[in-house]
1. For Gln139 and Arg22 in one chain, what is 0.36 nm times their gap in residues minus the Cα-Cα distance, to one decimal in nm?
2. Would you mind telling me which residue in Gln271, Gln23, Gln77 has the biggest mean-square fluctuation in a Gaussian network model of the chain, where springs connect alpha carbons within a distance under 10 angstrom?
3. Can you find, among Trp112, Asn210, Ala252, the residue sitting farthest towards the positive end of the charge dipole of the chain, where Lys and Arg contribute +1 and Asp and Glu -1 at Cβ?
4. What value, in deg cm²/dmol to 500, does the helix sum -39500 (n - 2.57) over DSSP H runs of n ≥ 4 give at 222 nm once divided by the residues of the chain?
5. A 23 angstrom limit on the alpha carbon distance is what I want to check against. Which of Lys103/Lys185; Lys50/Lys91; Lys4/Lys70; Lys4/Lys345 exceed it?
6. Give me the percent relative contact order of region 1-73, please, defined on Cα pairs under 8 angstrom at least 6 residues apart.
7. Which residue fluctuates the most in the chain, going by a Gaussian network model with Cα springs under 10 Å, if the choices are Gly17, Gly353, Gly141?
8. As an exercise, use a Förster radius of 22 Å and the Cβ-Cβ distance of Asp207 and Glu53 to find the FRET efficiency, rounded to the nearest 0.05.
Amino acid sequence: MDPKAYWVGFNLVKGIGAVRLRQILDFYGSLEIAWNSPASGLISAGLPQKVAEKFIQIRAQVDLELIMDKIASENIQVVTWDDLNYPRRLKEINQAPPVLYIKGSINVEDDWAVAVVGTRRVTPYGRQVAAEIARFLAQNGVTVVSGLARGVDAISHQAALQNEGRTIAVLGSGVDVIYPPEHRKLAAEIVRQGAIVSDYPVGTQPDGINFPPRNRIISGLSLATVVVEAGEKSGALITAEFAVEQGRDVFAVPGSILTPQSDGTNRLIEQGARPLLKMTEILDVLKLEQIPEKQAVRKQNPLNPNERQLLNHLSQEPIHIDELCELTGLPIHDLSATLTMMELKGLVSQVGGMNYVAMRETRAAYKG
């Protein structure tokens, strides 16, 4: 059986998330072994008794081969922590989802992604701004991430698609259960030009409790989150909170103090979010200029061993080329040539005096 079937199996059990699955993996070394273990063994691995009993009950009821056949028949990819194609930026966050279900594709272009989120009850102003932001991002090679909901989310996805950009939709249901149903056509277009993503098992129906947790994936896939319009209790504010926890930037579009849809965004600005006054500020703050050129260089020149070695020693703290030479053991002429190519790829930047730093948005994407 496909080893991923056991990841899918454990994903069916509520109460077994990232922390507990890591405990199980550390204890057993293999999810296949863990899948076939008795409840007592799982309790020894760290599961509460009720969760272990629930696992035994579900295991007796499911046929993993049938589930995997259904997944394959619907062209759904299963991506786990162990896979090289697990989204690199998402892997940085605390308690990254152990399993992702993906329709479409997530690729190297999506290392440069920005979430655009907001209220379902969007105003004409919000509609215009959301479309303009997504259009601008798409035209500059930035992937637009959102949640496929009505309002700002759908507008953002549509604008990205209309401008031949990439877009990723993160669902609060299984990737085979599109919600809201009127967005099925939009979802199909996203699959062709990006991806539909969920960490909920195939067949999971939309439920109000599913949506707040999925927002951590929206922000986790993204360098920054832009909140266009949001009421005081909008789900978009939850996405912004996750972004802050994950160390990502948050932009908020200022709005009228007379409009309820701007209460949340204006409050975010009051609390320290960056007010988005010009579209170009997103690229400036995140240092995302010349993305298409950097993407092309990366595709044509994948990381070589010297570059990988250097990334292990580079951070956002400046380090002198002489120290890098000592740490890596590379001859100075090879080191200089490597650093030059890494600058072209947008991986590093020289900050004066032959000191180098890793670009924040790229080091994490390649390290590990």
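1. Details: separation 117, 0.36 × 117 = 42.12 nm, distance 3.98 nm.
Working it through step by step, the gained length comes to 38.1 nm.
2. Of Gln271, Gln23, Gln77, the Gaussian network model singles out Gln271 as fluctuating most.
3. Asn210
4. So the calculated ellipticity at 222 nm is -13500 deg cm²/dmol.
5. Numbers: Lys103/Lys185 14 Å; Lys50/Lys91 29 Å; Lys4/Lys70 14 Å; Lys4/Lys345 33 Å.
Listed pairs above 23 Å: Lys50/Lys91; Lys4/Lys345.
6. Working: 53 pairs, mean separation 26.9, N = 73.
For region 1-73, the relative contact order is 37 percent.
7. Most flexible of the set in this elastic network: Gly353.
8. So, using R0 = 22 Å, E works out to roughly 0.40.
A short reminder: the numbers here are calculations on the coordinates, not readings from a lab. Note that the structure is a prediction, hence the values are computed from the model and not measured. Cβ: placed from backbone, ideal geometry, glycine included. Neighbour counts: every protein chain shown.
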